[in-house]
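The values are calculated or read from the model by the stated rules, or taken from the named source; none is laboratory data. The structure presented is a predicted model; accordingly, all values stated were derived computationally and were not measured. Positions of Cβ are generated from backbone atoms using ideal geometry, with glycine treated the same way; all protein chains shown enter the neighbour counts. With ligands, DNA and RNA removed, areas are computed over all heavy atoms of the protein, side chains included. Shrake-Rupley method; radii C 1.70, N 1.55, O 1.52, S 1.80 Å.
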Amino acid sequence: MPERDLTQERLNDFVVKFANVNGTGSASANSLIMKSIFRMGVPVVGKNFFPSNIQGLPTWYEIRVTREGWRARSGRVDLMVAMNAETYARDIAEVAPGGWLLYDSTWPRPSLLSREDVTVLGVPLAQLCGDHFEGARARILMKNVMYAGVLAALLDLDLEIVRELLGESFARKPALADSNMNAIRIGYDYAREHFDCPLPIRIAPMDETRGHVMMDGNTAAALGCVYAGATVGAWYPITPSTSLMDAFRAFCARHRVDPETGRNNYMVIQAEDELAAIGAVIGASWNGARAFTPTSGPGVSLMNEFIGLAYYAEIPAVLFDVQRVGPSTGMPTRTQQCDLLTCAYASHGDTRHVLLFPADPGECFDFAVQAFDLAERLQTPVFVLLDLDIGMNDWMTKDPQWDDDYRPDRGKVITAEMLEGMQRFHRYLDVDGDGIPWRTIPGVGEKGAYFTRGSGHNQLGAYTEDPAEYQLVVDRLRRKFDAAARLVPTAVTEGSGRAEVGIVSFGSCDGAVREALAALRRTGVAVDYLRIRAFPFGEEVEEFLRDHEAIFVVEQNRDAQLRALLTLETAVEKRKLRSILHYNGLPMSADCVVDAVVAALAQGEAA
Amino acid sequence: MRVTKPRIVPPGAPRNELGMTRRDYEGGMSTLCAGCGHDSVTAAIVQACFELSLPPQSVAKLSGIGCSSKTTAYFVAGAHGFNGVHGRMPAIAAGASAANRKLRYIGVSGDGDSLSIGLGQLGHAIRRNMNMLYMLENNGVYGLTKGQFSASADMGSRSKKGEKNQNEPIDPVLLALSLGATFVARSFSGDKEQLVPLIKAGLTHRGFGLIDVLSPCVTFNDHEGSTKSYAYVREHQQAAIAADYVEPRREITVSYAEGEAVSVEMHDGSNVLLRKLDRDYDPTDRAKALAYVQERVQRNEYVTGMIYLGEGRSHFHDRHNTPDEPLNSIPYEKLCPGSAGLAGILSGFR
Ligand SMILES: Cc1ncc(C[n+]2csc(CCOP(=O)(O)OP(=O)(O)O)c2C)c(N)n1
Ligand code: SF4
Ligand SMILES: [Mg+2]
């Protein structure tokens with residue numbers, strides 16, 4: 001391959017955005033393009049901006065091609081695939097100077113779609129579809145496939161890979177694979193004939209995606225539940241968590257049906273509401289099964305009473321909160337990290353909960369497994385806090401790894417054999433001095449029977465209203481929680497540890513923050529980074545806060561909930577923590593972090 | 001305060017097949033008001049478990065919140081118990097049953113717990129035909145919060161302070177019949193003869209069994225003008241069907257004239273013999289049962305006995321196609337697809 005100027009051509013470094021109408025089948029065309037790029041070995045980031053609606057409203061899909069392997073969105077658009085006439089005006093406005101816009105010129109719109117610094121590429125897609133395909137539905141679907149063909153020419157995609165992907169999607173309907181490939185061809189040939197292909201923004205094969213998958217976090221978390229040995233899932237459908245249970249069911253249908261008996265080694269209960277969903281999880285965990293519920297903010301609000309019961313009666317439970325924009329119904333299809341405080345202290349009375357913060361689908365898998373181990377080890381609810389961005393977008397993520405020696409940590413469970421050798425069993429006695437009592441599973445035997453209640457109980461498990469007895473139990477619960485800080489995933493740090501400026505963040509902010517760190521370093525600003533992965537906070541969080549004078553806390557909510565939690569739960573001085581907040585519902589980009597840090601440093605506020 | 005009862009067994013006390021006495025099925029000392037109907041229901045549960053020779057650890061006791069819900073602590077001390085949150089016992093039961101289908105689940109609830117805050121959960125437990133016996137200790141009031149009308153209070157019934165109830169009652173029996181319950185009974189805490197066999201049949205039934213037990217609250221709803229007082233219930237109770245529980249392998253010895261009795265075989269080979277006290281009644285016909293009860297309700301009569309029994313319907317576990325072995329005891333190796341499985345799964349995501 002001849003040497004080219006990579007920076008100028010923006011080879012493998014650009015953004016294509018698709019403006020579609022939802023319900024028209026565009027998703028598969030867009031994912032075909034993304035997967036083709038991925039299979040060509042080039043890192044990609046895909047973000048879906050969809051409405052809370054089933055059919056007829058505008059929807060966008062953004063593919064960032066990033067040879068550096070960045071994981072956030074970039075914020076700019078180089079090529080707009082404008083397939084929704086309703087949004088032409090705003091779509092063309094969004095294109096970066098020097099960029100391109102592709103549209104269906106069957107109905108030419110020369111005056112609306114005109115900008116001096118944007119090249120408009122018209123392809124008469126509808127007309128071509130009309131000429132080549134029969135039936136209204138087929139014509140609509142083929143129009144999507146055809147623009148994928150146009151893009152294949154414009155971006156120099158490998159047509160063999162496109163063909164292979166179509167073959168896989170239509171493995172059972174080879175005729176469909178052929179007609180789809182035909183549509184690709186028509187688009188491809190048209191583009192080659194009429195435009196100067198490929199564009200300067202184009203794909204050249206790399207080898208940077210080996211050992212990675214394109215997976216969304218809900219799927220990864222569901223897979224984690226399967227691998228953790230969860231047998232009971234209970235839920236009430238809510239965006240953006242629904243696909244987690246859909247994925248769990250799909251995995252179970254393939255991997256959990258007993259080959260001999262045809263029976264299901266799992267049960268998914270579609271509850272009547274989230275109160276019932278968490279109740280079923282608690283009942284199942286109490287009874288010795290690994291159980292979980294996926295939900296989102298409104299569901300967590302409903303679950304509050306039961307969460308307090310599980311905390312106080314010490315019953316394991318695993319909750320996945322795939323956060324969406326609040327308050328109230330908010331924007332169900334947009335992303336935020338807005339349930340941090342509500343989950344940390346969910347339910348009335350003195351309660352506090354273990355939270356895990358995966359930053360990508362790979363961690364969703366790992367943390368799902370760890371969540372069950374922690375819930376059973378600590379006998380308490382554990383929340384895995386995803387958000388819509390991690391949960392529903394396809395991320396390029398390292399292959400999840402599995403160690404076949406893994407065995408679930410069921411925590412302190414007294415078996416029938418152990419009971420035989422015991423004088424008496426008391427449910428809430430701190431026999432080991434670590435704040436964690438022993439439990440029995442119903443059915444184990446009369447000697448192991450105890451009464452579970454959310455009302456006052458003493459360390460022997462009996463009802464109490466005695467001040468000292470009550471306090472003994474809740475003080476132990478507090479000690480147990482503090483001990484959890486040593487069991488949860490530790491924070492990840494990056495940098496020398498001696499930079500004056502520190503950035504603290506968590507969850508899906510990670511991609512944007514890492515990209516921002518590189519940009520800041522390029523301009524000579526040294527920054528250390530701490531990515532918190534769990535609550536309660538470990539000693540390493542305390543240290544980082546102590547060792548840095550100026551700290552930016554990056555998060556996706558209006559009220560700086562992570563900052564609030566840090567000021568409540570660590571010794572950090574409030575004045576050291578500055579917020580960088582992004583909460584408009586779209587996944588954040590690095591600019592937002594870079595700009596805020598640069599501005600603060602310029603004002604001399606931070607250093 | 002929990003008071004443990006001394007377990008002194010009088011010599012010569014009757015023993016069941018497991019060699020256990022009735023006392024072995026008792027629980028902690030009741031802290032309810034003396035004379036509370038709920039204590040009689042507790043005693044009937046103890047008697048039924050004793051007569052069925054249930055190993056205590058094979059039972060799980062679940063309840064919500066209320067005076068009635070407290071009673072799970074007062075029977076079968078050797079069983080695990082779970083006093084959950086108000087109105088949400090069915091959810092706990094669903095999860096518990098999912099995890100271990102081998103235990104027998106006895107849920108105890110009140111009319112407030114079941115028909116107000118927990119109406120939704122009760123309805124869905126019925127709809128799922130969950131494997132449990134659900135005892136609704138119905139006194140027409142919220143006992144524990146001191147005497148407010150509950151949703152089962154009859155129109156025009158008077159509170160202790162003299163207020164008149166202005167709302168239509170929700171009748172759990174009509175509710176259960178219309179939602180498709182497969183075992184529906186009504187009884188009276190003061191009628192142990194009737195109640196004990198019903199509990200035994202309910203514990204043997206596969207699927208959801210509801211027993212609505214009129215269980216007067218002596219402290220807040222036992223006065224003149226109440227329709228849930230001992231006196232009123234005694235006077236207005238009309239037994240339509242008597243149920244006799246006949247253990248597996250025992251023969252039905254008494255013979256009845258044609259049309260007087262029906263015998264329903266339960267899944268474990270036992271029989272419930274339904275003696276019709278009213279010849280017109282057919283306890284295996286849902287529509288007729290519904291019409292019959294509805295008509296008696298208009299006449300201010302409480303129809304009691306085994307009101308409807310539809311044995312053999314698919315239940316919670318059938319519908320989920322779960323294995324016979326409880327989910328909580330399937331070896332982990334069977335649950336995890338391992339690294340070999342993972343490679344195949346991941347290939348679909350490239
Ligand atoms: C969420 C919630 N709201 C209110 C209460 C207060 N409360 C406790 S028991 C009860 C009513 C119980 O009535 P019922 O179920 O009929 O039981 P009974 O005491 O009559 O046997 C109420 C309202 C509560 N425990 N939880
Ligand atoms: S208040 Fe009523 S229901 Fe409660 S214990 Fe007393 S008599 Fe029973
Ligand atoms: Mg009541």
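Remarks
- Of all residues in the range B:17-54 being open to solvent by 50 Å² or more (accessible area, probe 1.4 Å) and more than 16 Å from ligand 1 (Cβ to nearest atom), the one that is farthest from the other protein chains (Cβ to nearest Cβ): B:Glu51
- Whichever residue in the range B:69-88 is in a helix (DSSP H, G or I) and open to solvent by 10 Å² or more (accessible area, probe 1.4 Å) and, among such residues, is nearest to ligand 3 (Cβ to nearest atom): B:Lys70
- Entry remark, the range A:275-290: residues being open to solvent by less than 10 Å² (accessible area, probe 1.4 Å) and closer than 19 Å to B:Ser63 by Cβ number 11 in total.
- Meets criteria (in contact with a helix residue (DSSP H, G or I) (Cβ under 7 Å, 6 or more places away or on another chain), open to solvent by less than 40 Å² (accessible area, probe 1.4 Å) and either part of a strand (DSSP E or B) or within 16 Å of ligand 3 (Cβ to nearest atom) (or both)) for B:Asp212: yes
- Residues that are of a type in the set (Ser, Thr, Tyr), away from every other protein chain (no Cβ under 14 Å) and under 16 Å from the mean Cα position of the chain (by Cα) do not occur anywhere in the range B:150-164.
- Filter result (aromatic (Phe, Trp, Tyr) and more than 13 Å from ligand 2 (Cβ to nearest atom)) within the range B:23-82: B:Tyr25, B:Phe50, B:Phe75, B:Phe82
- In the range A:291-305, the residues that are open to solvent by less than 10 Å² (accessible area, probe 1.4 Å) and facing chain B (nearest Cβ under 7 Å): A:Ala291
- Filter result (facing chain B (nearest Cβ under 7 Å) and not in a loop (DSSP other than H, G, I, E, B)) within the range A:424-459: A:Glu446, A:Phe451, A:Thr452, A:Arg453
- Within the range B:89-101, restricting attention to residues that are in contact (Cβ under 8 Å) with a residue 60 or more places away in the chain and facing chain A (nearest Cβ under 7 Å), the residue that is farthest from A:Trp235 (Cα to Cα) is B:Asn100.
- Selection status of A:Gly288, part of a loop (DSSP other than H, G, I, E, B), under 26 Å from A:Arg410 (Cα atoms) and within 11 Å of another protein chain (Cβ to nearest Cβ): yes
- Strands (runs of 3 or more DSSP E) contained entirely in the range A:1-109, each with at least 1 residues that are open to solvent by less than 40 Å² (accessible area, probe 1.4 Å) and polar (S, T, N, Q): A:13-21, A:58-66
- Of all residues making up the range B:132-173, the number that are surrounded by fewer than 24 Cβ atoms within 10 Å (Cβ to Cβ) and either of a type in the set (Lys, Arg) or assigned to a loop (DSSP other than H, G, I, E, B) (or both): 23
- Counting only helices (runs of 4 or more DSSP H) wholly contained in the range B:241-350, the ones carrying 3 or more residues that are open to solvent by less than 70 Å² (accessible area, probe 1.4 Å) occupy B:286-298, B:316-320, B:338-347.
- Condition met for A:Val213 (assigned to a strand (DSSP E or B), touching a residue at least 40 places away in the same chain (Cβ under 8 Å), aliphatic (A, V, I, L, M) and facing chain B (nearest Cβ under 8 Å)): yes
- None of A:Arg521, A:Arg533, A:Arg546 is in contact with a strand residue (DSSP E or B) (Cβ under 9 Å, 6 or more places away or on another chain) and farther than 30 Å from A:Ala313 by Cα except A:Arg521.
- Every residue from the range B:105-131 that is aliphatic (A, V, I, L, M) and not in a loop (DSSP other than H, G, I, E, B): B:Ile106, B:Val108, B:Leu115, B:Leu119, B:Leu122, B:Ala125, B:Ile126
- Hits in the range A:165-185 (condition: assigned to a helix (DSSP H, G or I), free of Cβ contacts under 8 Å to residues at least 24 places away in the same chain and open to solvent by 70 Å² or more (accessible area, probe 1.4 Å)): A:Glu168, A:Pro174, A:Ala175, A:Asp178
- Qualifying residues in the range A:235-258 (those that are of a type in the set (A, V, I, L, M, F, W, C) and under 20 Å from the mean Cα position of the chain (by Cα)) - the one most open to solvent (accessible area, probe 1.4 Å): A:Ala250
- Single residue of B:Ala60, B:Ala91, B:Ala98 found to be under 24 Å from A:Ala310 (Cα atoms), surrounded by 24 or more Cβ atoms within 10 Å (Cβ to Cβ) and in contact with a Phe, Trp or Tyr (Cβ under 6 Å, 6 or more places away or on another chain): B:Ala60
- Filtering the range A:110-123 to residues that are surrounded by 17 or more Cβ atoms within 10 Å (Cβ to Cβ) and either of a type outside the set (Val, Ile, Thr) or free of Cβ contacts under 8 Å to residues at least 60 places away in the same chain (or both) leaves A:Leu113, A:Val118, A:Val120, A:Leu121, A:Gly122.
- Residue list for the range A:259-274, filter: out of contact with any Asp or Glu (no Cβ under 9 Å at 6 or more places or on another chain) and open to solvent by less than 60 Å² (accessible area, probe 1.4 Å): A:Gly262, A:Tyr266, A:Met267, A:Val268, A:Ile269, A:Ala271, A:Glu272, A:Asp273, A:Glu274
- Residue check: A:Val384 meets all listed conditions (1) among the hydrophobic types (A, V, I, L, M, F, W, C); (2) closer than 21 Å to A:Ile238 by Cβ; (3) within 13 Å of chain B (Cβ to nearest Cβ) but one, namely (3).
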